Amino acid sequence: MVTRPDQGRVIQRGYAQTQSAEIDAGLRTHMQKVYGYMAGGLAITGAISYFVGNNEVLLQAIYGTPLAWVVMFAPLVFAFIFGMRIHAMSSASAQILFWVFAGVMGLSLSYIFAVYTDASIVRTFFISAGTFLAMSLYGYTTKRDLSGMGSFLIMGVFGLILASIVNLFLGSSALEFAISVIGVLLFTGLAAYDTQKVKEFYWEADGHEVATKKSILGAFVLYMDFINLFLFMLRFLGNRE
């Protein structure tokens with residue numbers, strides 16, 4: 001059988017379209033897993049922080065003792081482990097580490113229920129969720145390369161950390177407000193940038209083990225963006241007790 005040139009082009013086009021459809025389907029599944037892990041982590045964090053934050057005995061046991069320092073710095077240790085060791089873990093170990101991290105973060109955030117009203121926490125959460133979803137959707141759908149913006153945002157985060165440390169000694173309310181506003185802007189941008197990076201990290205030929213670890217790592221990155229966005233919003237939108 002002889003195939004005409006135009007028939008060959010049609011066959012190639014059809015094959016390319018089939019490959020594209022398979023990649024799109026795989027990418028959607030990957031992103032669904034990322035958001036699923038992220039949502040599960042947020043649910044664990046929220047449940048634990050609410051339970052502990054509304055229990056005076058537990059709050060006193062944590063924040064009235066040196067255990068407070070352990071709870072505050074434990075999330076940083078987990079973040080370091082994720083960044084440095086996830087490639088060497090099994091997917092099962094990575095999942096366990098992520099769920100434990102979400103629980104420890106819940107303990108770390110439990111203080112907000114003693115500082116802010118429940119109504120303002122809920123309101124800020126939904127505002128943060130809406131903002132995050134809008135920017136994450138933009139990062140997922142845009143054809144624009146956000147890598148240049150990402151470099152600026154990451155440098156901004158380092159500057160924000162330094163400013164926060166300085167303000168621990170200054171105690172300036174004006175600087176505190178500026179830090180909160182800048183923090184919201186930075187992590188709003190990072191929601192879009194990191195979503196695009198998580199999307200680009202997907203590769204259809206990954207095996208189950210690697211694909212699962214990529215999903216967990218992506219969930220961890222977006223989880224941290226959301227938590228920081230929420231906390232910075234709460235600092236100037238939340239009503240104190």
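Can you find even one residue in region 65-77 that is surrounded by 13 or more Cβ atoms within 10 Å (Cβ to Cβ), closer than 20 Å to L229 by Cβ and touching a residue at least 60 places away in the same chain (Cβ under 8 Å)?
Taking every residue of region 65-77 in turn, none turns out to be surrounded by 13 or more Cβ atoms within 10 Å (Cβ to Cβ), closer than 20 Å to L229 by Cβ and touching a residue at least 60 places away in the same chain (Cβ under 8 Å).
Give me a count of the residues in region 164-201 that are crowded, with 19+ Cβ neighbours inside 10 Å and either over 18 Å from F236 (Cβ atoms) or not polar (S, T, N, Q) (or both).
Adding up the residues that qualify gives 14.
Any residue at all in region 32-48 that's touching a helix residue (DSSP H, G or I) at 6+ places or on another chain (Cβ under 9 Å), outside any helix (DSSP H, G or I) and either farther than 23 Å from A192 by Cβ or modelled with pLDDT under 95 (or both)?
Checked region 32-48: no residue is touching a helix residue (DSSP H, G or I) at 6+ places or on another chain (Cβ under 9 Å), outside any helix (DSSP H, G or I) and either farther than 23 Å from A192 by Cβ or modelled with pLDDT under 95 (or both).
Check whether at least one residue in region 116-125 is closer than 27 Å to E209 by Cα, over 19 Å from the mean Cα position of the chain (by Cα), surrounded by fewer than 18 Cβ atoms within 10 Å (Cβ to Cβ) and modelled with pLDDT of 85 or more, and report yes or no.
No.
The values are calculated or read from the model by the stated rules, or taken from the named source; none is laboratory data. Source: prediction; values computed, not measured. Please note: Cβ atoms are built from the backbone with ideal geometry, for glycine as well, and neighbour counts cover all protein chains shown.
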